[in-house]
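See below for the structure under consideration.
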Amino acid sequence: MSSYVSLSPADLALASILILVNAGVSMAFRLGLERTLLLTTLRMVVQLLLIGLVLRWIFQQTSPLWTLLLASIMIAAAGREAITRQERRIAGWSSYGLGTGTLLMVGTFATIFAVGGVISPDPWYAPRYVLPILGMVLGNSLTGIALSLDTLTSTAWRERAAIEARLALGQPRLMALRETTRRALKTGMTPILNAMAASGIVSLPGMMTGQILAGVDPVEATKYQVLIMFLIAGSTALGVLLATFGGVLLITDDRHRLRLDRLVTKEKAPAG
C-alpha cells in the first residue's frame with residue numbers, strides 16, 4: 001500500500017524558508033549573490049512546475065512523437081549547458097555540435113539499452129520510463145563532458161609551449177596531447193566515480209529517495225537506483241571519451257598543428 005504524502009503549496013512555501021540560509025551567508029560575507037539567488041530560485045520553481053505539467057500531459061498521450069520532441073529539446077538544452085560551463089571553448093558551432101552530438105549518442109544509447117533491453121515496458125517507448133531515464137543520463141553526462149572539455153582546452157592553453165615542441169619534433173597530435181587527454185578523461189570521470197563511491201553510505205541517490213517517498217519498497221527502489229547508476233557511469237565514460245578526442249581534433253588540424261586560435265574565453269564567446 002502506497003504511503004505517498006501529497007505536498008501543498010503551503011508546504012513548499014515553508015520549505016522555501018531554507019533558501020534564507022543561502023541569502024544569510026551571502027549577506028554576511030558580502031558575496032553579492034542575493035539577486036542571483038532570487039532569480040535562480042524563481043527560475044528553478046517555474047521550470048520544474050512547467051515540466052511537471054508538460055510531463056503529465058505527455059504521459060497521458062503515450063505518443064512516441066511527443067516523447068521524441070521533448071527528448072530532442074532536452075538534448076539541445078543539455079548541449080547548450082555543456083558549452084556555458086567551459087571557461088575556454090572552441091569558437092563557432094563546433095563546440096555546440098561536439099557537445100550536443102556526444103550527448104545525443106550517449107543519451108540515445110543508454111535510454112534504448114535501458115528500456116529496450118532491461119526494463120522492457122509496454123510499450124517500450126513509454127514516456128514515463130524514457131524521459132526520466134534520458135534526463136538523468138543527460139544531466140550527469142553533460143557534467144563529465146563539460147569538465148573534460150574544459151580541462152582539455154585550459155591545459156592545452158597552459159602547456160601550449162610543451163605541446164608545440166612535441167609536435168615540432170614530429171609527434172602526431174594524439175601523441176603530443178596524450179598527457180592532456182589523460183588529464184581531461186580523468187577529470188571528466190571523477191564526479192561519477194565519487195557519486196558511486198558515496199551512494200548508499202554517505203547519500204541516498206535522488207531516484208531511490210523519490211521512489212521511497214512515493215511508497216515503493218526500498219529493495220525495489222534500490223534495484224532501479226543500481227540500474228540508473230550503471231547507465232550513468234557507462235554513458236558518462238563513453239561521452240567523456242568521445243568529447244575529449246573530438247576536442248583534440250578540433251584544437252588541432254590535419255597538419256598536426258596546435259590551433260589554440262580557435263578558442264575563445266567565456267567573456268568573448270559569441271552568442272551563437
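What follows draws every value from the coordinates through simple rules; no lab data is involved. Just so it is clear, the structure is predicted and the values come from calculations on it, not from any experiment. Reconstructed Cβ throughout: ideal geometry from the backbone, glycine too, with neighbour counts over all protein chains shown.
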Cα long-axis angle, helix 93-112 against the chain (0 to 90 degrees, to the nearest 10): 50
Highest-fluctuation residue, F113, F245, F29 considered, GNM on the chain with Cα pairs under 10 Å: F29
Footprinting exposure proxy for T36, T180 (fewest neighbouring C-beta atoms within 10 Å first): T36, T180
Label of the coordinate-derived value, Kirkwood radius over Cα pairs in Å, listed as (i) 19.7; (ii) 21.0; (iii) 20.3: (ii)
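Assuming R0 = 41 Å, what is the FRET efficiency of E159 and I51, from their Cβ-Cβ distance, to the nearest 0.05?
Step by step, r from the Cβ atoms, then E = 0.45.
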Using θ = phi - 60° and Karplus 6.51 cos²θ - 1.76 cosθ + 1.60, couplings along the range 35-40 (whole Hz; Gly, Pro as x): 5, 4, 4, 5, 5, 5
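By counting other Cβ atoms within 10 Å of each Cβ, how are M44, M208 ranked from fewest to most? Don't skip to the answer; put the middle values down first.
Numbers: M44 10, M208 23.
Fewest-to-most Cβ neighbours within 10 Å comes out as M44, M208.
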Global geometry of the range 1-61, whether rounded, prolate or oblate, following the gyration tensor of its Cα atoms and the 1.5 cut on a/c: oblate
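Determine, for S154, S141, S63, the number of other Cβ atoms within 10 Å of each Cβ, and report the residues in order from fewest to most.
Values: S154 17, S141 30, S63 12.
Exposure proxy ranking, most exposed first: S63, S154, S141.
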Most mobile of R166, R30, R56 in a GNM of the chain (Cα contacts under 10 Å): R30
